[in-house]
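Worksheet: the structure to be examined is printed underneath.
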Amino acid sequence: MPPKPLDYVSINENVKKAQYAVRGELYLRASELQKEGKKIIFTNVGNPHALGQKPLTFPRQVVALCHVFIPSNKIATKSYRGC
C-alpha cells in the first residue's frame, strides 16, 4: 500500500512553524549596520569562504566525476567505478 500523500493537516506542526532564518530581525539590523559602512560577515548563510576556509575540493571532485559522460562500452569494464 503506498504511503499517504502529505497535506497541510498531516504535516508536523514544527514544520509548519519553520522560518526562513536568513531574513528576520537580526539580518535586518546587520543590513542596516552594513549600509552605515560597518563590515558584516553573514555566517548564517553557509559561506565559510568569507571566514577564510579553503574550498571543499574533494566533494566537488566527487560530484564532477559522477556527472562525467562515460560511453556505455566502458561501463561494463572492471576499470570503471561509477557513482
Worksheet entry | Which numbered condition Arg23 misses (of (1) surrounded by 10 or more Cβ atoms within 10 Å (Cβ to Cβ); (2) over 18 Å from the mean Cα position of the chain (by Cα); (3) assigned to a loop (DSSP other than H, G, I, E, B)) | (2)
Worksheet, complete the sentence: Those residues of segment 46-55 that are surrounded by fewer than 10 Cβ atoms within 10 Å (Cβ to Cβ) and among the aliphatic types (A, V, I, L, M) come to a total of 1
Worksheet item: Is segment 44-52 home to any residue that is at pLDDT 80 or above, assigned to a helix (DSSP H, G or I) and within 18 Å of the chain's Cα centre (by Cα)?
Response: no
Fill in: Complete set of residues in segment 1-17 that are exposed (fewer than 10 other Cβ atoms within 10 Å of the Cβ) and part of a loop (DSSP other than H, G, I, E, B)
Met1, Pro2, Pro3, Lys4, Pro5, Asp7, Tyr8, Val9, Ser10, Asn12
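The values are calculated or read from the model by the stated rules, or taken from the named source; none is laboratory data. Source: prediction; values computed, not measured. Glycine also receives a Cβ, built like all others from the backbone with ideal geometry; neighbour counts cover every protein chain displayed.
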